[in-house]
1. What's the number of the condition G25 fails, among (1) in a loop (DSSP other than H, G, I, E, B); (2) surrounded by 12 or more Cβ atoms within 10 Å (Cβ to Cβ)?
2. What about R16, is it surrounded by 10 or more Cβ atoms within 10 Å (Cβ to Cβ) and either in contact with a helix residue (DSSP H, G or I) (Cβ under 6 Å, 6 or more places away or on another chain) or on the phi < 0 side of the Ramachandran plot (or both)?
3. Just checking, which of T51, T45 is part of a loop (DSSP other than H, G, I, E, B) and among the hydroxyl-bearing types (S, T, Y)?
4. Scan segment 42-56 and give yes if some residue there is hydroxyl-bearing (S, T, Y), exposed (fewer than 10 other Cβ atoms within 10 Å of the Cβ), on the phi < 0 side of the Ramachandran plot and without any contact (Cβ under 8 Å) to a residue 40 or more places away in the chain, otherwise no.
5. Tell me, please, whether a residue that is among the β-branched types (V, I, T), touching a strand residue (DSSP E or B) at 6+ places or on another chain (Cβ under 8 Å) and loosely packed, with under 10 Cβ neighbours inside 10 Å can be found in segment 59-71.
6. Within segment 1-13, is there a residue that is part of a loop (DSSP other than H, G, I, E, B) and touching a Phe, Trp or Tyr at 6+ places or on another chain (Cβ under 9 Å)?
Amino acid sequence: MKLRIQNDAIRFRPTRSETARLGDGLGVESTCHFPGGRMLAYASTLADRTTIDARFDGDRVEIVLPRDRTVE
């Protein structure tokens with residue numbers, strides 16, 4: 001999954017297999033490792049909601065998609 005952060009916007013591009021996982025109701029996650037043992041995790045998950053949301057907690061960025069929305 002590619003992640004692009006520019007100003008106040010986050011854009012993610014899942015691969016075809018990750019898109020299929022999301023279509024099957026599963027989440028996807030990737031990590032970027034930095035020197036010194038630090039890492040940034042970024043994930044896309046599904047939830048029972050009507051809007052798309054982004055969360056940032058510690059070293060993890062999570063994009064939350066509505067479960068009932070068609071993934072293209």
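Computed from the coordinates by the stated procedures, all read-outs in this text should not be read as laboratory data. Because the structure is predicted, anything quoted here is derived from the model rather than measured. Cβ: placed from backbone, ideal geometry, glycine included. Neighbour counts: every protein chain shown.
1. Exception for G25: condition (2).
2. no
3. From the options T51, T45, the qualifying one is T51.
4. yes
5. no
6. Checked segment 1-13: at least one residue is part of a loop (DSSP other than H, G, I, E, B) and touching a Phe, Trp or Tyr at 6+ places or on another chain (Cβ under 9 Å).
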